[in-house]
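Chemist: What follows is a structure written as structure tokens; I'll ask about it next.
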Amino acid sequence: MTDFPPRRTARELDRDDPLSRFVDRFEIPDGQYMDGNSLGPISEDAERSLDRVVDEWRELGIRGWTDADEPWFTYAERLGSMTAPLVGADEAEVVVANSTTVNIHTLVGTFLDVVDSPTVLVNDLDFPTDHYAIRAQLRQRGYDPDEHLVAVESRDGRTIEEDDVVDAMDEHDPGIVFLPSVLYRSGQLLDVARITEAAHDRGILAGFDLAHSVGAVDHDLSGVGVDFAVWCGYKYLNGGPGAIAGLYVNREHFGETPALAGWWGHDKETQFDMNLTFTPAADAGAWQIGTVPMLSAAPLEGSLRMFEEAGIETVREKSVSLTTHLVDLVDALSEAGYDCDVGTPRDPDRRGGHVAVEHPEAYRVSLALKERGVVVDYRPPNVVRICPAPLYNSHEDVWEVVDELRTILDEAAYEQFDRQDGGVT
């Protein structure tokens, strides 16, 4: 055993926590839940809004589209308005719709149809679905993805340098830059403002995947002029498994024809005229495709009300404090000779809401943590992702998780598990 920062340090950090009142509104699985960057837990607020919609379905039937407490016909726009402050956008620029991958398809496809260059700049640490969708959109337009999907390479396998992104813009002359706000493995937070400005200086459109930042990082999409963005609703937003996703389109692009047009993106005033000619909505709502899935959208309403109550700036402030505490504790283990390291930038301005803890036996360590009631996940080749979410985790929770990690390493408790990867972790 080695000296380890005392529990009282964490308790002192929790003493004046303005978000501590929210934890009792969540149903947290037994143990320590540190996987909210994959799936947030249910809250009584989310359950209440879901129950209300189920009751409306029962009591109103089809009249729910017009007579529900929040009419279903405009529900996606209503939730978009509630989400807009979290991403720093005007209400008209945001709508909840589709899934993240579908939104990448329709938005990247839309803008491929209007830019001069059919090349899309991405990075080699992206979440795979982003590349799958973009390659498909390029193929559908007759372009070879191996030629027109260009990935900025990481220097260290963990992070992406914005200098390299800018250099790639100059070298490859893309029409679109599409990057994550936060890298899903390492948790690096990219400089959205710098990338957007550099892109616009070169006549390039800038789009972002906010799946690993929305609800944990405060954004200013409209303020910095981002052209489009997508995100999911089930991670930090706690909207439930498979929750409806969201999208942002800068008002400068209102009126563009969506690449994947569908009747729910039709102008609401004439949608039920049933014209065979598509008349897109005059705002971000045009990029909706099919009917809003009410039972997958309703929990998000309750969760968004909590974010309205908490304030995204306060959420971000606590997130930074939690991850800083986590980084400091893991660093203490590393300095004491434990074979673990932090793969996430230590600068809070360069870090999202989770921390990548690296260990040669990360897969088996993650299984040992789970066996002891610590819910985390593993990402190849050597990362245990630990995510303390501000609305329901505390600094003492973080301390307990790292203390459990220390015990597992002391006892080599991970050795009881097989050395094979696979499955959902």
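Chemist: Once you have all Cα-Cα distances for region 214-336, histogram them in 5 Å bins from zero and send the whole-percent values.
Modeler: Result returned by the calculation: 2, 9, 14, 15, 16, 16, 10, 6, 4, 3, 2, 1, 1, 0, 0.
Chemist: Could you state the angle between the C-alpha long axis of helix 395-411 and the longest principal axis of the C-alpha atoms of the chain, as a value from 0 to 90 degrees rounded to the nearest 10?
Modeler: Between helix and principal axis, roughly 60 degrees.
Chemist: Right, something else. With +1 on each Lys and Arg Cβ and -1 on each Asp and Glu Cβ, how big is the dipole of region 267-425 about its Cα centre, in debye rounded to the nearest 20?
Modeler: Working: 14 positive and 30 negative charges, 70 e Å.
The calculated dipole for region 267-425 is roughly 340 debye.
Chemist: Continuing with the same structure: Calculate the FRET efficiency for GLU44 and ASP220 from the Cβ-Cβ distance with a Förster distance of 30 Å, rounded to the nearest 0.05.
Modeler: Values: r = 31 Å, r/R0 = 1.03.
Step by step, r from the Cβ atoms, then E = 0.45.
Chemist: Give the Debye-formula value of log10 I(q)/I(0) at each listed q (0.13 Å⁻¹), with one equal scatterer per alpha carbon of region 14-86, two decimals each.
Modeler: Those come out to -0.59, one per q.
Chemist: Right, something else. Which GluC sites (Glu not before Pro) does region 233-271 hold that lie in a coil by DSSP with at most 15 other beta carbons within 10 Å? Don't skip to the answer; put the middle values down first.
Modeler: Numbers: sites: GLU252, GLU256, GLU269; in loops: GLU256, GLU269.
Qualifying residues, ordered by number: GLU269.
Chemist: Put a dot 7 Å past each Cα toward the Cβ at ASP69 and ASP3; how far apart are the dots in nm?
Modeler: Roughly 5.5 nm, to one decimal.
Chemist: Mind checking the dipole of the chain: about its Cα centre, +1 per Lys or Arg Cβ, -1 per Asp or Glu Cβ, Debye to the nearest 20? Mind showing how you got there, number by number?
Modeler: Numbers: 35 positive and 80 negative charges, 174 e Å.
Charge dipole of the chain: 840 debye, to the nearest 20.
Chemist: So, with a 1.4 angstrom probe, what is the percent of accessible area on region 302-425 that is carbon and sulfur? Mind showing how you got there, number by number?
Modeler: Working: 1950 of 4580 Å².
After summing per-atom areas, the C and S share lands at 42 percent.
Chemist: Assuming a viscosity of 1.306 mPa s and a temperature of 10 °C, what translational diffusion coefficient in µm² per second does Stokes-Einstein assign to region 59-100, Rh being the Kirkwood radius over Cα pairs?
Modeler: Numbers: Rh = 11.1 Å.
Diffusion coefficient, whole number: 143 µm²/s.
Chemist: Still on this structure, please answer the following. What's the extension gain from ASP339 to GLU153 if we count 0.36 nm per residue and subtract their Cα-Cα distance? Spell out each step's value before the answer.
Modeler: Numbers: separation 186, 0.36 × 186 = 66.96 nm, distance 2.69 nm.
Residue separation times 0.36 nm, minus the Cα-Cα distance, leaves 64.3 nm.
Chemist: Two-decimal Rg/Rh of region 100-225 from alpha-carbon positions, Kirkwood Rh? Show your work: numbers first, answer last.
Modeler: On the way: Rg = 13.4 Å, Rh = 14.5 Å.
That ratio equals 0.92.
Chemist: Projected onto the charge dipole of the chain (+1 at Lys/Arg Cβ, -1 at Asp/Glu Cβ, origin at the Cα centre), which of ALA229, ILE134, TYR392 gives the Cα projection farthest towards the positive end?
Modeler: Checked the options; the winner is TYR392.
Chemist: Report, in cubic angstrom per residue, the convex hull volume of the C-alpha atoms of region 356-420. Don't jump to the answer; show the numbers that get you there.
Modeler: Values: hull volume 5.0 nm³, N = 65.
Value for region 356-420: 77 Å³ per residue.
Chemist: If you don't mind, another one. Taking the Cα atoms only, what angle lies between the long axis of helix 294-310 and the longest principal axis of the chain, rounded to 10 degrees?
Modeler: Rounded to the nearest ten degrees, it is 60.
Chemist: Once you've got the GNM for the chain with C-alpha springs shorter than 10 Å, pick whichever of GLY80, GLY337, GLY64 has the biggest mean-square fluctuation.
Modeler: Its mean-square fluctuation being the largest, the pick is GLY337.
Chemist: Let me ask something else about it. What size of dipole, in debye to the nearest 20, comes out for region 122-243 about its Cα centre when the only charges are +1 on Lys and Arg C-beta atoms and -1 on Asp and Glu C-beta atoms? Mind dumping the intermediate values first?
Modeler: Numbers: 9 positive and 23 negative charges, 149 e Å.
That gives a dipole near 720 debye.
Chemist: Here is a follow-up. Take every Cα-Cα distance within region 293-415, group them into 5 Å bins from 0 onward, and report for each bin the whole-number percent of pairs it holds.
Modeler: Binned Cα distances yield the sequence 2, 11, 19, 21, 17, 12, 9, 6, 3, 1, 0.
Chemist: Multiply the residue gap between GLU308 and ASP146 by 0.36 nm, knock off their C-alpha separation, and tell me the result in nm, one decimal place. Write down the numbers at each step before the final one.
Modeler: Working: separation 162, 0.36 × 162 = 58.32 nm, distance 4.35 nm.
Fully extending the segment from GLU308 to ASP146 adds 54.0 nm.
Chemist: So if I take the alpha carbon set of region 81-121, get Rg, then get Rh from the Kirkwood formula, what is the Rg over Rh ratio? All intermediate terms of the calculation are to be shown ahead of the outcome.
Modeler: Numbers: Rg = 12.7 Å, Rh = 11.9 Å.
That ratio equals 1.07.
Chemist: Separate question: Could you name the aspartates and glutamates whose alpha carbon sits less than 14 Å from that of LYS235, not counting residues in the same chain fewer than 8 places away?
Modeler: Within reach: ASP35, ASP209, ASP377.
Chemist: Next question. Please give the length that would be gained between ASP55 and ASP124 if that part of the chain were fully extended, namely 0.36 nm times their separation in residues minus their C-alpha to C-alpha distance (nm, one decimal). Write down the numbers at each step before the final one.
Modeler: Details: separation 69, 0.36 × 69 = 24.84 nm, distance 4.63 nm.
Extra length from ASP55 to ASP124 when fully extended: 20.2 nm.
Chemist: Once the Cα gyration tensor of region 26-149 is diagonalised, what are the square roots of 5 times its eigenvalues, in whole Å and ordered largest first, as equivalent ellipsoid semi-axes?
Modeler: Values: eigenvalues 252, 96, 36 Å².
Equivalent ellipsoid of region 26-149: 35, 22, 13 Å, largest first.
Chemist: Moving on. Could you give the Stokes-Einstein D for the chain in µm² per second, using the C-alpha Kirkwood radius, 10 °C, 1.306 mPa s?
Modeler: Values: Rh = 22.4 Å.
The Stokes-Einstein estimate is 71 µm²/s.
Chemist: Starting from the Kirkwood radius over alpha-carbon pairs of region 169-261, derive D by Stokes-Einstein at 25 °C in a medium of 0.890 mPa s and give it in µm² s⁻¹. Before the final figure, lay out each step's value.
Modeler: On the way: Rh = 14.1 Å.
Answer from the Stokes-Einstein relation: 174 µm²/s.
Chemist: May I ask which residue of ALA97, GLY109, VAL87 lies farthest towards the positive end of the charge dipole of region 62-110, with charges of +1 (Lys, Arg) and -1 (Asp, Glu) on Cβ and the Cα centre as origin?
Modeler: In region 62-110, that residue is GLY109.
Chemist: Between GLU252 and VAL115, what is the label-point separation in nm under the 7 Å Cα-to-beta-carbon projection?
Modeler: 1.3 nm
Chemist: Also: Hey, rough spin-label estimate for HIS200 and GLU91, points 7 angstrom out along Cα→Cβ, what's it come to in nanometres?
Modeler: 2.4 nm
Chemist: Now for a separate question. Work from the charge dipole of the chain (Cβ charges, +1 for Lys and Arg, -1 for Asp and Glu, about the Cα centre) and give the residue of GLY187, PRO348, THR257 farthest towards its positive end.
Modeler: Comparing the listed Cα positions along the dipole, THR257 ranks first.
Chemist: Just the accessible area per residue of the chain, please: how many Å² with a 1.4 Å probe? Could you put the intermediate results ahead of the total?
Modeler: On the way: 17330 Å² over 425 residues.
Per-residue value: 41 Å².
Chemist: Please report Rg over Rh for region 229-287, where both radii come from the alpha carbon positions and Rh follows the Kirkwood definition. Walk me through the numbers on the way to the answer.
Modeler: Details: Rg = 13.5 Å, Rh = 12.8 Å.
Here Rg/Rh amounts to 1.06.
Chemist: Another question, then. Can you give the longest run of the chain that contains no trypsin sites (Lys or Arg not before Pro) sitting in a DSSP loop with at most 11 other Cβ atoms inside 10 Å?
Modeler: Values: sites that count: ARG15, ARG155, ARG419.
Within the chain, the longest run free of exposed trypsin sites (Lys or Arg not before Pro) spans 156-418.
Chemist: What FRET efficiency would be calculated for the residue pair ASP164, ASP418, taking the C-beta separation as r and a Förster radius of 35 Å, to the nearest 0.05?
Modeler: Working: r = 38 Å, r/R0 = 1.08.
After rounding, the FRET efficiency stands at 0.40.
The values are calculated or read from the model by the stated rules, or taken from the named source; none is laboratory data. It should be emphasised that the depicted structure is a prediction, and the values quoted were computed from it without experimental measurement. No Cβ is skipped: glycine too gets one built from the backbone with ideal geometry, and neighbour counts run over all protein chains shown. The area values use the complete protein model at the heavy-atom level, side chains included, leaving out ligands, DNA and RNA. Shrake-Rupley method; radii C 1.70, N 1.55, O 1.52, S 1.80 Å.
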